[in-house]
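**Q** Here it is: the structure, laid out below.
The values are calculated or read from the model by the stated rules, or taken from the named source; none is laboratory data. Everything numeric here is computed off the predicted structure, so don't read it as measured data. We place every Cβ from the backbone using ideal geometry, glycine too, and count neighbours over all the protein chains shown.
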Ligand code: COA
């Protein structure tokens, strides 16, 4: 749907870009003209992502190893990437950590690990790039991957819910504070999209996938490509007057959970309409 130069002139760093949604975004951005740099803890997936982009014809793909929890390693990675690729003008804070656990069973380190990756990691990368953009007067674009339960909270993912809510607050705070420097900050709140990293931790085997589909009005899980397309739009000049916004991409899942009568949509429609007709006062 996009022109193949939709992101020409963009050089985009994607944290957690070696796998899952991060990789999907890297491949999509490169396919429409961006130079991409993927950053993560593990070398192999980063190298595979770069190779996949290059074999698809994207020449400008780079990788750097760093843990977003560690501001010094992140800063060093950004500096070395910029030596290779030139000034980075886009950032996607995608690196995340999450697992299902009853909150009373979380250790302090378990809570800390997820919050460090999701909230502190987003801050560290944001500050590393934001400082550069401000100093250069270049402006920049950032996109944070949040989640649909950032507003409501969610059982069994307490550290992630707390951290992702913080990421939303960060997005909105900086959208205003850094607008003066020509920096845009938006977020995406995805519903369930199958990736190895997320589903191995968040979808216990068996019933759960079918249950997830039943929760989603559009009747299916999302795809990486759908998320990558939305991210492409928000990172591109097509969204140049959008900032501080959070776009939900979840097939209607969150709205369905909130609407008092939405459960009736689970019944066969004709059967339900017959029940409604029987409730109607006769004339
Ligand atoms: N249930 C309860 N506690 C868990 C857990 C689980 N499923 N998985 C890890 N932990 C605890 C560990 O026991 C440890 O706590 P402890 O030291 O008190 O025992 C703490 O979390 C840190 O785990 P560790 O594996 O040492 O940390 P790490 O930094 O290597 O990994 C995680 C970070 C835990 C977030 C790991 O799941 C990860 O690397 N995730 C990245 C990918 C991901 O989550 N993708 C999905 C995103 S949606």
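**Q** Quick check on my filter: what residues within the range 172-200 are free of Cβ contacts under 8 Å to residues at least 24 places away in the same chain and surrounded by 16 or more Cβ atoms within 10 Å (Cβ to Cβ)?
**A** Quick first cut of the range 172-200, residues free of Cβ contacts under 8 Å to residues at least 24 places away in the same chain only: 173, 177, 180, 199-200.
199, the sole residue that qualifies.
**Q** Check 70, 44, 105 and return the single one that is near the ligand (Cβ under 9 Å from one of its atoms) and out of contact with any strand residue (DSSP E or B) (no Cβ under 6 Å at 6 or more places or on another chain).
**A** Working: 70 fails: near the ligand (Cβ under 9 Å from one of its atoms); 44 fails: near the ligand (Cβ under 9 Å from one of its atoms).
Going through 70, 44, 105 in turn, the sole match is 105.
**Q** Keeping to the range 190-213, report how many residues are touching a helix residue (DSSP H, G or I) at 6+ places or on another chain (Cβ under 7 Å) and more than 13 Å from the ligand (Cβ to nearest atom).
**A** 0
**Q** Further question: Looking at the range 154-171, which of the residues that are more than 16 Å from the chain's Cα centre (by Cα) and farther than 20 Å from residue 252 by Cβ is surrounded by the most Cβ atoms within 10 Å (Cβ to Cβ)?
**A** Of all residues in the range 154-171, those more than 16 Å from the chain's Cα centre (by Cα) come to 154-159.
Next, from what is left, pick out any that are farther than 20 Å from residue 252 by Cβ: 155-159.
Numbers: 155: 10, 156: 14, 157: 21, 158: 19, 159: 23.
Looking at the filtered set, the residue picked out is 159.
**Q** Select, from 104, 75, the only residue that is farther than 16 Å from residue 126 by Cβ, at pLDDT 95 or above and either part of a helix (DSSP H, G or I) or in contact with a helix residue (DSSP H, G or I) (Cβ under 7 Å, 6 or more places away or on another chain) (or both).
**A** Working: 75 fails: farther than 16 Å from residue 126 by Cβ.
Of 104, 75, the one residue that is farther than 16 Å from residue 126 by Cβ, at pLDDT 95 or above and either part of a helix (DSSP H, G or I) or in contact with a helix residue (DSSP H, G or I) (Cβ under 7 Å, 6 or more places away or on another chain) (or both) is 104.
**Q** Assuming residue 83 fulfils every condition listed in (1) within 14 Å of the ligand (Cβ to nearest atom); (2) in a helix (DSSP H, G or I) apart from one, which condition is it?
**A** The single condition residue 83 does not satisfy is (1).
**Q** Which of the residues belonging to the range 19-56 are in a loop (DSSP other than H, G, I, E, B) and either within 18 Å of residue 229 (Cα to Cα) or free of Cβ contacts under 8 Å to residues at least 24 places away in the same chain (or both)? Lay out the reasoning, then the answer.
**A** Our first condition is that a residue be in a loop (DSSP other than H, G, I, E, B); within the range 19-56, this holds for 19, 32-34, 41-42, 56.
Matches in the range 19-56: 19, 32, 33, 34, 56.
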